[in-house]
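Trainee: After the structure tokens below, expect a handful of questions from me.
The values are calculated or read from the model by the stated rules, or taken from the named source; none is laboratory data. Worth saying up front: this structure is predicted, and the values here are computed from it rather than measured. Here the Cβ is made from the backbone with ideal geometry for all residues, glycine too, and neighbour counts use every protein chain on show. Accessible surface areas use protein heavy atoms only, side chains included; no ligands, DNA or RNA. Shrake-Rupley method; radii C 1.70, N 1.55, O 1.52, S 1.80 Å.
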Amino acid sequence: MYAQVNEYDMALPAIQQKITLNFSYPVHFTEGLFHLQNTLVARLIGAGCESKSKKVLIIIDTGVLRCHKGLISQINAYAKRYSNIITMVDRTMLVPGGEAAKNDSYLIEQVHSLINKVRLSCNSYILAIGGGAVLDMVGYAAATANRGINLIKVPTTVLAQSNSGASINNSVNAFGKKNFLGVMAPPVAVINDFNFLTTLSDEDWRSGIAEAIKVALIKDNDFFNFITTKIDALVSRDINAMQQVIYRCAQLHLAHAATSDGDCPVISSPPLYFGHWAAHKLEQLTYYKLRHGEAVAIGIALDCTYSYILSLLSRLEWQRILNTLQLLGFTVYISELSAGMCNLEDPRCIFQGLEEYSESLGGNLSITLLESIGRGLEVSEVNIAIYREAINLLKNKF
Ligand SMILES: NC(=O)c1ccc[n+]([C@@H]2O[C@H](COP(=O)([O-])OP(=O)(O)OC[C@H]3O[C@@H](n4cnc5c(N)ncnc54)[C@H](O)[C@@H]3O)[C@@H](O)[C@H]2O)c1
Ligand SMILES: [Zn+2]
């Protein structure tokens, strides 16, 4: 039998150190970010130390550049106008947009290599312009180089402006798993320029609305009502309606992030992953052909249907939610939901997503269900047979 405390432990007691980190960063809303009269970027980079021009590396999503052909010359002119604050290093780096940005580890290496080549330090800045995928990848690369380079994120999609752009999560996919590699690192600032949204495809315009519906359903009944009054406007691409949705959605996501206990933000903030256990698996099962927001819409439909079958959610509210998703143009069922659902060992089985999701939460399953519109409910166990019933209901009814 070993003694409970060995002699070395007795000699010097362990030092217990608690470190509390406080992050604070602004999320700005603007139009015409690089118009010479728009001083926002210059003010953000110049803040704190006005005496010396800062090194800035620009990284742009090629999907954005394709639709905003004058962007690079506009940025160059802007940097020239504010050369006392901004020193552009190297050429602007272009990276492929969409999930390709998160699936290719070589891209991270290229960003690291460029940071090394142009000698960015903790006084330098990376300004990343793009959709959520590019921002996730650049955020990961920036946070892991030279103990972290200051990052200004310029989200250019609805989803990224309303949610991911303002997040401190920076993750990329690896080993066939969504967001397997990641780091929590706050940006210095987020700048939402609504002008970018005008060039989104209809699918990417719609996709981001899923995150707004998600957060409305679990946190804010009034916001859900608001979205339902704006369905026609959103479908016809009314930018004012979208701005209102993005603003409230960003507010709710940021407020939630601020209330997590700080010990482990991933584990302490599962409600914002409502609908996501199935969504992440569906993205993987469709080889990322399904957009993140499209997958989230299906994940929401599934978890709402499960909540309805369990009699947590009323029939009326369940139908209202599914109608809203469909009126916005979302599909609520795809065949990948049921392809392997009867055999838990089948690699196509959607329920493998539950285990992968639980793994990402540190081994503790925590699924958000819905008690009513605006009120989520956390559960730590689910019934697969009832989930199968929910999938069949979605398949046959919608
Ligand atoms: N970090 C987080 O907390 C968090 C939260 C939610 C989602 N995400 C991640 O965000 C990603 C999805 O992001 P997304 O919905 O922004 O899509 P996306 O980044 O995949 O971009 C979709 C497409 O739109 C193009 N694009 C971007 N901006 C454009 C513009 N202004 N005009 C025309 N085309 C444009 C891109 O090139 C790409 O082809 C997923 O990888 C998801 O996991 C991260
Ligand atoms: Zn999401």
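Trainee: Filtering region 201-232 down to residues that are polar (S, T, N, Q) and within 16 Å of ligand 1 (Cβ to nearest atom), which residue is nearest to Val245 (Cα to Cα)?
Mentor: By that ranking, first place goes to Ser207.
Trainee: Can you tell me which residues in region 182-207 are farther than 18 Å from Phe23 by Cβ and either modelled with pLDDT under 95 or charged (D, E, K, R) (or both)? Walk me through how you get there before you give the answer.
Mentor: Taking region 182-207 and keeping what is farther than 18 Å from Phe23 by Cβ, we get 192-207.
If the condition is that a residue be farther than 18 Å from Phe23 by Cβ and either modelled with pLDDT under 95 or charged (D, E, K, R) (or both), then Asp193, Asp202, Glu203, Asp204, Arg206 are the ones that fit.
This table checks each residue for (1) buried (at least 20 other Cβ atoms within 10 Å of the Cβ); (2) among the small types (Gly, Ala, Ser); (3) without any contact (Cβ under 8 Å) to a residue 12 or more places away in the chain.
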site	(1), (2), (3)
Ala47	no, yes, yes
Ser73	no, yes, yes
Ile85	yes, no, no
Met93	no, no, no
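Trainee: From the set of residues in region 143-171 that are among the β-branched types (Val, Ile, Thr) and more than 13 Å from ligand 2 (Cβ to nearest atom), which is modelled with the lowest pLDDT?
Mentor: In the first step, residues of region 143-171 are kept if they are among the β-branched types (Val, Ile, Thr); the result is 144, 149, 152, 154, 156-158, 168.
Those still in the list that are more than 13 Å from ligand 2 (Cβ to nearest atom) too: 144, 149, 152, 154, 156, 168.
On the way: Thr144: 96, Ile149: 96, Ile152: 98, Val154: 98, Thr156: 98, Ile168: 91.
Across region 143-171, the extreme among qualifying residues is Ile168.
Trainee: Just the residues that are part of a loop (DSSP other than H, G, I, E, B) and either open to solvent by less than 50 Å² (accessible area, probe 1.4 Å) or within 16 Å of Leu127 (Cα to Cα) (or both), please, taken from region 16-34.
Mentor: Narrowing region 16-34 to residues part of a loop (DSSP other than H, G, I, E, B): 16-26, 31-34.
Scanning region 16-34 gives Tyr25, Pro26, Gly32, Leu33, Phe34.
Trainee: List pairs: first residue in region 218-233 and touching a residue at least 24 places away in the same chain (Cβ under 8 Å), second residue among the basic types (Lys, Arg) anywhere in the structure, Cβ distance under 6 angstrom, at least six positions apart or on different chains.
Mentor: Within 6 Å, the pairs are Phe223/Arg248.
Trainee: Checking Ser171 against (1) closer than 20 Å to Ile58 by Cα; (2) more than 9 Å from ligand 1 (Cβ to nearest atom); (3) touching a Gly at 6+ places or on another chain (Cβ under 8 Å), which test does it fail?
Mentor: With (1) closer than 20 Å to Ile58 by Cα; (2) more than 9 Å from ligand 1 (Cβ to nearest atom); (3) touching a Gly at 6+ places or on another chain (Cβ under 8 Å) applied to Ser171, the lone miss is (2).
Trainee: Sticking with this one: Pick from region 170-179 the residues that are touching a residue at least 40 places away in the same chain (Cβ under 8 Å) and within 14 Å of the chain's Cα centre (by Cα): which of them is most open to solvent (accessible area, probe 1.4 Å)?
Mentor: Step one: list which residues in region 170-179 are touching a residue at least 40 places away in the same chain (Cβ under 8 Å), which gives 171-174, 176-179.
If we keep only those that are within 14 Å of the chain's Cα centre (by Cα) too, we end up with 171-173, 178-179.
Values: Ser171: 19, Val172: 2, Asn173: 16, Lys178: 31, Asn179: 54 Å².
So, considering only residues that are touching a residue at least 40 places away in the same chain (Cβ under 8 Å) and within 14 Å of the chain's Cα centre (by Cα), the one most open to solvent (accessible area, probe 1.4 Å) is Asn179.
Trainee: Moving on. What helices (runs of 4 or more DSSP H) completely inside region 280-383 contain at least 2 residues that are away from ligand 1 (no atom under 16 Å from the Cβ) and β-branched (Val, Ile, Thr)?
Mentor: Values: elements: 292-309, 315-327, 352-360.
Per the criteria, 292-309, 315-327.
Trainee: Select from region 340-351 the residues that are in contact with an Asp or Glu (Cβ under 8 Å, 6 or more places away or on another chain) and open to solvent by less than 70 Å² (accessible area, probe 1.4 Å) and list them in ascending order.
Mentor: From region 340-351, those in contact with an Asp or Glu (Cβ under 8 Å, 6 or more places away or on another chain) are 340, 348, 350; that's our starting set.
If the condition is that a residue be in contact with an Asp or Glu (Cβ under 8 Å, 6 or more places away or on another chain) and open to solvent by less than 70 Å² (accessible area, probe 1.4 Å), then Gly340, Ile350 are the ones that fit.
Trainee: Output the number of the condition that Lys102 fails; it satisfies all remaining conditions of (1) surrounded by fewer than 16 Cβ atoms within 10 Å (Cβ to Cβ); (2) in contact (Cβ under 8 Å) with a residue 60 or more places away in the chain.
Mentor: Just one mismatch for Lys102, condition (1).
Trainee: Quick one: what pairs do we get from region 282-304, first residue within 11 Å of ligand 2 (Cβ to nearest atom), second open to solvent by less than 10 Å² (accessible area, probe 1.4 Å) and of a type in the set (D, E, K, R), C-beta under 7 Å, 6+ apart or different chains?
Mentor: From region 282-304, the pairs are His292/Glu283; Gly293/Glu211; Ala295/Glu283; Val296/Glu211; Val296/Lys214; Ile300/Lys214.
Trainee: If you don't mind, there's one more thing I want to ask. Select from region 192-221 the residues that are closer than 22 Å to Pro26 by Cα and of a type in the set (S, T, N, Q) and write down the one among them that is surrounded by the fewest Cβ atoms within 10 Å (Cβ to Cβ).
Mentor: Asn195
Trainee: Given the criterion surrounded by fewer than 22 Cβ atoms within 10 Å (Cβ to Cβ) and touching a Leu at 6+ places or on another chain (Cβ under 6 Å), identify the matching residue among Val118, Val64, Val89.
Mentor: Numbers: Val118 fails: touching a Leu at 6+ places or on another chain (Cβ under 6 Å); Val64 fails: touching a Leu at 6+ places or on another chain (Cβ under 6 Å).
Checking each option against the conditions leaves just Val89.
Trainee: Let me ask another. When you scan region 77-157 for helices (runs of 4 or more DSSP H) that lie fully inside it, which ones turn up with 1 or more residues that are among the aliphatic types (A, V, I, L, M), within 11 Å of ligand 1 (Cβ to nearest atom) and within 22 Å of the chain's Cα centre (by Cα)?
Mentor: Once the helices (runs of 4 or more DSSP H) in region 77-157 are filtered for at least 1 residues that are among the aliphatic types (A, V, I, L, M), within 11 Å of ligand 1 (Cβ to nearest atom) and within 22 Å of the chain's Cα centre (by Cα), what remains is 100-103, 132-144.
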